[in-house]
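Here the structure comes first, spelled out in structure tokens, and everything after it is commentary.
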Amino acid sequence: MGKENTQGSMFHSVELFLDKTLRPDELVRSIADLRYRRVNRVLEQGEFSQRGSIVDIYPVDFDAPLRVDLENDHVRSIATINSQTGRPIWQHKIVIILPNRPACPAGRPSGRSVFNAEVPLNNFLELQKGDYVVHNNHGIGRYLGIEPVDAARGEKEHMVIEYKGDDKLFVPVHDMHLVQKYVGFHKKPPRLYPLGSKEWKRVRALIQKRVQRLAGELLHAQAVRASLKGFAFSPDVDWQKEFEKKFPFEETPDQTKATLEVKKDMESVRPMDRLLCGDVGYGKTEVALRAAFKAVMDNKQVVVLVPTTILAEQHYYNFSNRLKDFPVKVAMLSRFRTRREQTAILKELQEGGVDIVIGTHRLLSRDIAFKDIGLIIIDEEQRFGVRAKERLKQFRLLADVLMLTATPIPRTLYMALTGVRDMSVIATPPQNRIAVKTEIVEFDEELIQTAIGRELKRKGQVFFLHNRVEDIERIAKIITRLVPQARAGIAHGQMSAHELEDMMLKFLKGTIDVLVCTTIIESGIDVPNANTLIVNRADRFGLSDLHQLRGRVGRFTYKAYAYFIIPPRRQLSAQAKARIEAIEKHSGLGAGFQIAFEDLQIRGAGNILGQEQHGYIATIGFDLYCRLLKESVEHLKHEMAGTSHGTLN
């Protein structure tokens, strides 16, 4: 049995977990000791307020405030809340609140400010008994819960972790920051370590070396880019303000911030290379539109690259609509265009007759020349092939680059890469967005009839997803029989380009009520009027696929419905059951961002880090990997700042 010796630990934090014994005045005193300001209503990071036994805290590095509800001197609930409405968004089990340290003056790194791997990047510990956890100093074990342990001054609560050979480690509450849930890349359980063995220290040191190498490469790439001279775009013109005023919705704070970051990059001489992450339907396209408009105002051409023809069609429709009151020429290049149309567009591109061109990898062909390219927008880069990616690397030297992705970047990785990758995150849902009502059901004709009928009654449209081309027509016939007044259409990837384009346009324009389709709709297609989604055999999809699909509906102020049809639960495999339960449980707004949707997290990490890092992550867990990466980056920057007197910011 091991007891953590924590003498001399300089780490200050407040740990909260359900059922912790705590009086409201004790909590308030502890939060004040971490240099938080007391206010009437919490609006900014570093603030807290108290109303009786309810304490609101806006911790540093959090996206939203927390509400801690105490009852009879016990923590009854911990929830992330919407700062505007005060409504709970997510419930938490264990939270670590860090001190509110004012940032160091820019360019003067103090010895103390260099990040250390003891500091948690993820402040939420959503642990269940039996989960694998990683302790920074002792390695991987199994979490057994929180138990009171006799200590010199009475009973104290400890986390209990079981190691190989049934050894147990008791971690005092104030050392919780050294423990994180194990998230790896493989379905198989991780290797457990015996307590006190040298093996974990050896493995950790080895991976630390590899991570330092990656940090060096990232910083080198950044320095090379900083030395390149790009085009500095002019400040916003009057037309830009006019164009932005025409946005029909209210911007979210994150959208405004992302737009400003992109414009600042464009106005600097250094070529932009920014990644914009945001959940499905959170308004990434509008940020891209504003950047494109800005580039065109400086007489530069813009390329918008997308992975699928359908998405090209969608963007073309959106861009053309938003730009219709301005003299901006938008064109689309994809298999939906005839050879003659393509030739005409290529000629105009070369002569400068086209301002914005939207298309698939066809835009990367060697026969394409631009008059004056200024901005490249890449949507979902991870879905392009290897050859396309290589070609994109060359493109990057030509112009400013803005990448968009709906695969959430895990917060821990985002924080580890701050300072080496330029990233903007849109984590706030648009106002009036209502969470999609999700129902898991067995196949039932009456239910399908009711769901489609209700949507048509409010003049809406329906996606019916059936992922098998061979019997998709049979499904369309069932729908026509059940709801005779519904105008149904079919869309799948084996149709000719012309038929598919025609069908998608009809659906976009509202002349078709129900689109019976395959997963061709999964990425990015946005039909504001479609607010009911029915997915047949949802058990055959991955978690992130189901989440992406659900994001196709509920884009506006209407209540949206998602029905996932599955066989009787007893027939499902354990994995399919787990996926279905997760999608049922996590239907809140921003679900893709906040929940450790592990396959999503991992996909997000894989996109950015590349495959070879996967092995290291599997060995020590994702969270510790990110902490080590951040530590390496900060130490290297610190050394470089020391040698070059602050040239590298």
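The values are calculated or read from the model by the stated rules, or taken from the named source; none is laboratory data. Source: prediction; values computed, not measured. Ideal geometry is used to build each Cβ from the backbone, glycine not excepted, and the neighbour counts take in all protein chains shown. Quick note on the areas: whole protein, heavy atoms, side chains included, nothing else; ligands and nucleic acids left out. Shrake-Rupley method; radii C 1.70, N 1.55, O 1.52, S 1.80 Å.
So the values come out like this:
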item: Alpha carbon centroid spacing (whole Å) that separates region 269-320 from region 432-503; result: 30 Å
item: Region 227-279, relative contact order in percent, only Cα pairs under 8 angstrom and at least six apart counted; result: 62 percent
item: Among the listed pairs LYS93/LYS577; LYS294/LYS324; LYS20/LYS129; LYS241/LYS264; LYS229/LYS263, those beyond 19 Å (Cα-Cα); result: LYS93/LYS577
item: In degrees, nearest ten, helix 472-482 long axis to first principal axis of the chain (Cα); result: 90 degrees
item: Computed [θ] at 222 nm, helices only, for the chain once each DSSP H run of length n ≥ 4 contributes -39500 (n - 2.57); result: -11000 deg cm²/dmol
item: Positive-end residue of ILE96, LEU260, ALA582, charge dipole of the chain with Cβ unit charges; result: LEU260
item: Region 213-259 versus region 333-393: alpha-carbon centroid distance in Å; result: 22 Å
item: Surface per residue (accessible, 1.4 Å probe) for region 178-225, Å²; result: 58 Å²
item: Efficiency of FRET between ASP73 and LYS129 - r from beta-carbon atoms, R0 25 angstrom, step 0.05; result: 0.55
item: Efficiency of FRET between LYS393 and THR21 - r from beta-carbon atoms, R0 45 angstrom, step 0.05; result: 0.20
item: Computed over the chain: relative contact order in percent, which uses C-alpha pairs under 8 Å that are six or more apart; result: 14 percent
item: Peptides 354-364, 616-626, 456-466, 240-250 ordered by average Cβ neighbours within 10 Å, highest first; result: 616-626, 354-364, 456-466, 240-250
item: 9 Å beta-carbon shell around TYR143, net charge (K/R +1, D/E -1); result: +1
item: Charge dipole (debye, nearest 20) of the chain; +1 at Cβ of Lys and Arg, -1 at Cβ of Asp and Glu; result: 860 debye
item: Separation in nanometres of the label points that stand 7 Å from Cα toward Cβ, at ARG153 and LYS201; result: 3.0 nm
item: Gain on full stretching of the segment that runs from LYS371 to ALA232 - 0.36 nm per residue minus C-alpha separation; result: 48.3 nm
item: Peptides 164-170, 378-384 ordered by average Cβ neighbours within 10 Å, highest first; result: 378-384, 164-170
item: Nearest-ten-degree value, helix 309-322 long axis tilted from longest Cα axis of the chain; result: 80 degrees
item: Cβ-defined net charge surrounding VAL133, 12 Å radius [Lys, Arg +1; Asp, Glu -1]; result: -1
item: Computed lengthening from LYS246 to LYS509, 0.36 nm per intervening residue step minus Cα-Cα distance; result: 92.6 nm
item: Between 0 and 90°, nearest 10: helix 497-509 axis offset from the chain longest Cα axis; result: 70 degrees
item: Candidate aspartates and glutamates for bridging to LYS198, where Cα separation is under 16 Å - those fewer than 8 sequence places away on the same chain excluded; result: ASP167
item: Relative contact order of region 149-270, pairs being alpha-carbon contacts under 8 Å that are 6 or more residues apart, as %; result: 19 percent
item: Label of the coordinate-derived value, Cα Rg over 2.2 N^0.38 Å, listed as (i) 1.08; (ii) 1.02; (iii) 2.40; result: (ii)
item: Most to least accessible of LYS257, LYS324 (protein chains only, probe 1.4 Å); result: LYS324, LYS257
item: Inter-probe distance in nm under a simple model that places probes 7 Å from Cα toward Cβ, at MET495 and GLU217; result: 4.3 nm
